[in-house]
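Participant: Please read through the structure below; I'll follow up with questions.
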Amino acid sequence: MKTIISHQDNLSFLINAAKKNRIASAYLFTGRKGVGKFTVAKSFANTLTKNPMADIHIVAPTYTEDGEILTIEEAFEKGLNKRTKPVIRIEQIRDLDGFISRRPLGISNNYGFPSKNIVIIDDCQELKEDSMNALLKNLEEPGAHTVFILVASGKVSDTISSRCQVLNFSRLSKENLLEIAKINFLDINDNILNICDGSYGDAIAIKAVLEEVPEQIICSASTIPTKVIDCLQIARDISALSSSQQIVLMEYAVSMIWMTYFNMGFVTIFNDSINKLKSGMQSRLTLEALYLSLLNT
């Protein structure tokens, strides 16, 4: 398997299973999004066949537009602004029938045993009910040549998990995050590390959001104002951002505030305001109240 940072217990378990040809018919990788589950799934799949282009089939949540099923990437490329969550549809599960019924095209895997057909289902917590029922039939009768690897960052039904070998993936340590970032030539600072909650995927997303926010707004959001007019200006600037940018910025500001002032009172006030923003409360009023309250703290 390729070099992977962290999750060594899970990696050792999977490698030993492959070496001894004791492969389960289905695995379920659980844990926080962005910690490397899908990366491990792809790497493990590559050890089970020498013909990955033909013998690995990946299923992920999709959108529909005018009757056409679109991946998340395809929807983005078409400029579609979808408000609903992408889901895994029954058509995607039915499309697996031909794949899992044939013999693998690879003759052997990396350890000399017969190749497998590998189905990776990413974000399987997004299975629609009819899709889940269709998948259950495949999990109950997978065939000798097929391995399912389900990847989940949310709740999966017991009927699915009970048919799988379950491996839990923990959050990444700060050291792991920095090592992965270095390998990928990504510069992430301590404040991003503090708020990404052990998820490299979130660290990338946070950095991307912050790069769209003017540096002056980031600085002012992370300082304690001394004048009422400054409080109102900061609130005005932040409320002009998108709601997702506001939340990321304020979470980043909490980390900067703590590392600058080491004042739990400030942190509590910020966190209360962030929760209000997440609940949909009017952002400008919420932010004005936040920064005005700091004047008296």
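Participant: Six or more apart or on different chains, Cβ atoms under 8 Å: show the pairs whose first residue is in the range 276-297 and part of a helix (DSSP H, G or I) and whose second is aromatic (Phe, Trp, Tyr).
Facilitator: Cβ pairs passing all conditions: 290/270; 294/266.
Participant: How many residues are part of a strand (DSSP E or B), over 24 Å from residue 118 (Cα atoms) and among the hydroxyl-bearing types (Ser, Thr, Tyr) if we restrict to the range 62-99?
Facilitator: To start, the set of residues in the range 62-99 that are part of a strand (DSSP E or B) comprises 62-65, 68-71, 87-88.
Next cut, over 24 Å from residue 118 (Cα atoms) only: 64-65, 68.
Then keep just the ones that are among the hydroxyl-bearing types (Ser, Thr, Tyr); that gives 64.
Within the range 62-99, residues that are part of a strand (DSSP E or B), over 24 Å from residue 118 (Cα atoms) and among the hydroxyl-bearing types (Ser, Thr, Tyr) number 1.
Participant: Please go through the range 237-269 and pick out each residue that is among the aromatic types (Phe, Trp, Tyr) and modelled with pLDDT under 95.
Facilitator: First, pick out the residues of the range 237-269 that are among the aromatic types (Phe, Trp, Tyr): 252, 258, 261-262, 266.
Answer for the range 237-269, where residues must be among the aromatic types (Phe, Trp, Tyr) and modelled with pLDDT under 95: 258, 261, 262, 266.
Participant: Sticking with this one: Here are 33, 42: which of them is closer than 29 Å to residue 179 by Cα, in a loop (DSSP other than H, G, I, E, B) and at pLDDT 95 or above? So that I can check it myself, show each step before the final result.
Facilitator: Working: 42 fails: in a loop (DSSP other than H, G, I, E, B).
Within the list 33, 42, the selection yields 33.
Participant: Something else about it: What pairs can you find where one residue is in the range 214-225 and touching a residue at least 60 places away in the same chain (Cβ under 8 Å) and of a type outside the set (S, T, N, Q), the other is surrounded by 11 or more Cβ atoms within 10 Å (Cβ to Cβ) and part of a helix (DSSP H, G or I), and their Cβ atoms are less than 8 Å apart, with a gap of 6+ or different chains?
Facilitator: 224/257; 224/261; 224/266; 224/294; 225/231; 225/234; 225/291; 225/294
Participant: For the range 194-217, which positions are over 25 Å from the mean Cα position of the chain (by Cα) and aliphatic (A, V, I, L, M)? I'd like the intermediate steps shown before the answer.
Facilitator: To start, the set of residues in the range 194-217 that are over 25 Å from the mean Cα position of the chain (by Cα) comprises 214-217.
Within the range 194-217, just 217 meets the criteria.
Participant: Out of the residues in the range 1-30 meeting the condition of being assigned to a strand (DSSP E or B) and of a type in the set (A, V, I, L, M, F, W, C), tell me which one is farthest from residue 155 (Cα to Cα). Give the derivation first.
Facilitator: Of the range 1-30, the ones assigned to a strand (DSSP E or B) are 26-30.
Adding the requirement that they be of a type in the set (A, V, I, L, M, F, W, C) leaves 26, 28-29.
Details: 26: 17, 28: 12, 29: 12 Å.
Selected residue: 26.
Participant: Please determine, by comparing only the residues of the range 49-60 that are outside any helix (DSSP H, G or I) and either outside the structural domain of residue 155 (by TED's automatic domain parsing) or at pLDDT below 95 (or both), which one is nearest to residue 135 (Cα to Cα). Spell out how you get there, then give the answer.
Facilitator: Taking the range 49-60 and keeping what is outside any helix (DSSP H, G or I), we get 49-51, 56-60.
Narrowing the set further to residues that are either outside the structural domain of residue 155 (by TED's automatic domain parsing) or at pLDDT below 95 (or both) leaves 49-51.
Working: 49: 23, 50: 26, 51: 24 Å.
Only one residue fits best here, namely 49.
Participant: Moving on. Could you tell me which residue of the range 7-62 is nearest to residue 198 (Cα to Cα), considering only residues that are among the charged types (D, E, K, R) and surrounded by 21 or more Cβ atoms within 10 Å (Cβ to Cβ)? Outline the logic, then answer.
Facilitator: We begin by selecting, within the range 7-62, every residue among the charged types (D, E, K, R); these are 9, 19-20, 22, 32-33, 37, 42, 50, 55.
If we keep only those that are surrounded by 21 or more Cβ atoms within 10 Å (Cβ to Cβ) too, we end up with 37, 55.
Details: 37: 13, 55: 32 Å.
Here the answer is 37.
Participant: Quick check on residue 142: is it in contact with a Phe, Trp or Tyr (Cβ under 8 Å, 6 or more places away or on another chain) and farther than 30 Å from residue 13 by Cβ?
Facilitator: Details: in contact with a Phe, Trp or Tyr (Cβ under 8 Å, 6 or more places away or on another chain): yes; farther than 30 Å from residue 13 by Cβ: no.
Against the criterion (in contact with a Phe, Trp or Tyr (Cβ under 8 Å, 6 or more places away or on another chain) and farther than 30 Å from residue 13 by Cβ), residue 142 does not qualify.
Participant: Also: Looking at (1) out of contact with any strand residue (DSSP E or B) (no Cβ under 9 Å at 6 or more places or on another chain); (2) part of a strand (DSSP E or B), which is the only condition residue 111 fails?
Facilitator: (2)
Participant: For the subset of the range 243-273 comprising residues that are hydrophobic (A, V, I, L, M, F, W, C) and over 16 Å from residue 224 (Cα atoms), which member is surrounded by the fewest Cβ atoms within 10 Å (Cβ to Cβ)? Before you say what the answer is, go through the steps one by one.
Facilitator: Going through the range 243-273, the residues hydrophobic (A, V, I, L, M, F, W, C) turn out to be 247-250, 253-254, 256-259, 262, 264, 266-267, 269-270.
If we keep only those that are over 16 Å from residue 224 (Cα atoms) as well, we get 247-248.
Working: 247: 17, 248: 23.
Among those that are hydrophobic (A, V, I, L, M, F, W, C) and over 16 Å from residue 224 (Cα atoms), it is 247.
Here is a yes/no grid of residues against (1) in contact with a Gly (Cβ under 6 Å, 6 or more places away or on another chain); (2) within 19 Å of residue 293 (Cα to Cα); (3) assigned to a helix (DSSP H, G or I):
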site: 216; (1), (2), (3): no, no, yes
site: 219; (1), (2), (3): no, yes, yes
site: 223; (1), (2), (3): no, yes, no
site: 226; (1), (2), (3): no, yes, no
site: 229; (1), (2), (3): no, yes, yes
site: 241; (1), (2), (3): no, no, no
site: 245; (1), (2), (3): no, no, yes
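Participant: Counting only residues that are without any contact (Cβ under 8 Å) to a residue 60 or more places away in the chain and among the basic types (Lys, Arg), how many does the range 140-196 have?
Facilitator: Residues meeting the conditions: 3.
Participant: Taking the options 230, 202, name whichever one is in contact (Cβ under 8 Å) with a residue 12 or more places away in the chain and either farther than 30 Å from residue 36 by Cβ or surrounded by fewer than 16 Cβ atoms within 10 Å (Cβ to Cβ) (or both). Write out each step before concluding.
Facilitator: Details: 202 fails: either farther than 30 Å from residue 36 by Cβ or surrounded by fewer than 16 Cβ atoms within 10 Å (Cβ to Cβ) (or both).
Matching residue, one of 230, 202: 230.
Participant: Quick one: would you say residue 197 is outside any helix (DSSP H, G or I) and within 30 Å of residue 132 (Cβ to Cβ)? First the steps, then the outcome.
Facilitator: Values: outside any helix (DSSP H, G or I): yes; within 30 Å of residue 132 (Cβ to Cβ): yes.
For residue 197, the condition - outside any helix (DSSP H, G or I) and within 30 Å of residue 132 (Cβ to Cβ) - is met.
The values are calculated or read from the model by the stated rules, or taken from the named source; none is laboratory data. All figures in this text were calculated on a predicted structure; none of them were measured in a lab. A quick note on method: Cβ atoms are made from the backbone with ideal geometry, for glycine too, and the neighbour counts reach across all protein chains shown.
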